[in-house]
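Remarks on the structure that follows.
The values are calculated or read from the model by the stated rules, or taken from the named source; none is laboratory data. Everything numeric here is computed off the predicted structure, so don't read it as measured data. A quick note on method: Cβ atoms are made from the backbone with ideal geometry, for glycine too, and the neighbour counts reach across all protein chains shown. Just so you know, the surface numbers come from the protein's heavy atoms only, side chains and all, with ligands and any DNA or RNA stripped out. Shrake-Rupley method; radii C 1.70, N 1.55, O 1.52, S 1.80 Å.
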Amino acid sequence: MSIMSVDEAIISKVIIEESLKFLSEYTDVDVIIVGAGPSGMTAAYYLAKNGVKTLVIERRLSFGGGIGGGGMLLPKIVAARPSDEILREINCSFYEVRNGIFVMDPAELIAKLASASINAGARFLLGVTVEDVIYRENPLRIEGVVIQWSAITLSGLHVDPIALRSRAVIDATGHDAEVVRIVARKIPEAGLKEIPGEKSMYAPEGERFVFEKTGKILPGLYATGMAVTAVFNGPRMGPIFSSMLLSGRKIAEIVIRDLH
Ligand code: 48H
């Protein structure tokens, strides 16, 4: 076997041309999801599957958010009924250890959520941080996000960001609810006050709370997963992932309804 030789300048040209093409195609989309954790990727899967042009923006260079860390880095994670519906749909293997309690491999859940959402048509931008939002007033509406390379953010260099427009922005940033927090701090007329953060652990109530409170925060702005817990001061649930998956599916359904 001989590997075809490709000139360095051609490699660079192709990367630059194709990246710019991709980025310019995604400056205006239906939905931007901030965060590629369990809730964000589940939302991406259901949105894309329903024909919604979806872009997931993730600060890190990898998918999964808190899935990989599991519970204290132990190599199995837990979910409960009825989130097995979602596991089945994305073809993630699991087994039942008690009535309605399922165990999965975190690496497989990360891979299957990423692959299901990408196969459904969602696209990901890795290594990019959302540092602000675009808004309009009268009536107040969130209309997109402001992004920067995470490497630039970490470097502390002053580099102006760029903005991407969307019909809906979903905060799936986890414990810090970063997008809603930005809106609360920078757009006082949104009336969001200070984001309280989460309460101590109370797993059954935490799971129920996230699912129930998942929804619209403001016109154009939605929250899913642990961001919901932080925004509404719910209890954390620890290393169980049912409500993350179910919250992701629920927010996709709500956004699809609002977009129509
Ligand atoms: C771009 C960003 C930004 C930003 C953050 O933390 P996650 O896994 O979030 P969820 O809500 O989908 O899942 C939470 C779950 O993993 C968990 O921690 C649980 C259940 N804890 C319970 C407990 O009691 O502790 O993923 C969020 C993702 C991460 O990958 C971040 O890197 C990313 O969002 N992110 N990406 N721009 N400004 N902020």
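Phi-derived couplings, Karplus 6.51 cos²θ - 1.76 cosθ + 1.60 at θ = phi - 60°, listed residue by residue for segment 192-202: 8, 6, 7, 7, x, x, 8, 8, 4, 6, 7 Hz, with x used for Gly and Pro. What number comes out for the charge environment of residue 127, summing +1 per Lys or Arg and -1 per Asp or Glu over other residues with Cβ under 13 Å away? Taking every other residue near residue 127 into account, the sum is +1. Close amide H partners of residue 124, meaning residues 5 or more places away or on another chain with modelled amide H under 5 Å apart, are 56. Converting phi to 3J(HN,Hα) with the Karplus coefficients 6.51, -1.76 and 1.60 and the offset θ = phi - 60°, segment 122-129 yields 6, 10, 10, 10, 9, x, 10, 10 Hz in sequence order, with x at every glycine or proline. For segment 153-260, GluC sites (Glu not before Pro) are listed when DSSP marks them as loop and at most 16 other Cβ atoms sit within 10 Å of their Cβ; the list is 194.
Here's the picture: charge each Lys and Arg Cβ at +1 and each Asp and Glu Cβ at -1 in the chain, and of 147, 221, 1 the one pushed furthest to the positive end of that dipole is 221. For segment 96-168, applying the loop criterion from DSSP together with a ceiling of 10 other beta carbons within 10 Å to the chymotrypsin sites (Phe, Trp or Tyr not before Pro) yields no site. A dipole drawn for the chain from +1 and -1 charges on Cβ atoms has a positive end, and of 107, 174, 233 the residue lying farthest that way is 233.
Loop-located trypsin sites (Lys or Arg not before Pro) across segment 191-258 with a Cβ neighbour count of 15 or fewer within 10 Å are 193, with loop assigned by DSSP.
Count charges around residue 70 for me, please; just the other residues with Cβ under 14 Å from its Cβ, Lys/Arg as +1, Asp/Glu as -1.
Details: positive: 76; negative: 105, 108.
Summing Lys/Arg as +1 and Asp/Glu as -1 gives -1.
Along segment 89-100 the Karplus relation, 6.51 cos²θ - 1.76 cosθ + 1.60 evaluated at θ = phi - 60°, assigns HN-Hα couplings of 5, 8, 6, 8, 6, 7, 9, 8, 9, 9, 4, x Hz to successive residues, with x for each Gly and Pro.
Computed over protein heavy atoms with a 1.4 Å probe, the accessible surface of segment 104-260 works out to 46 Å² per residue.
Which of the residue pairs 112/186; 21/112; 49/76; 21/250; 53/250; 112/250 have a Cα-Cα distance greater than 25 Å in the structure shown? In this structure, 112/186; 21/112; 49/76; 21/250 exceed 25 Å between Cα atoms. Compute the signed sum of charges (Lys and Arg +1, Asp and Glu -1) over the other residues within less than 12 Å, Cβ to Cβ, of residue 118. Combined, the nearby Lys, Arg, Asp and Glu give +3.
If you roll a 1.4 Å probe over segment 61-101 with all protein chains in place, what percent of the accessible area is carbon or sulfur? Percent of accessible area from carbon and sulfur atoms in segment 61-101: 60.
Think of segment 13-259 as having a plus end and a minus end, set by charges on the Cβ of Lys, Arg, Asp and Glu; of 251, 82, 163, 82 sits farthest toward the positive end of this dipole. The overall shape of the chain is oblate: from the C-alpha gyration tensor, with semi-axes ordered a ≥ b ≥ c, the ratio a/c is 1.5 or greater and a/b is no larger than b/c.
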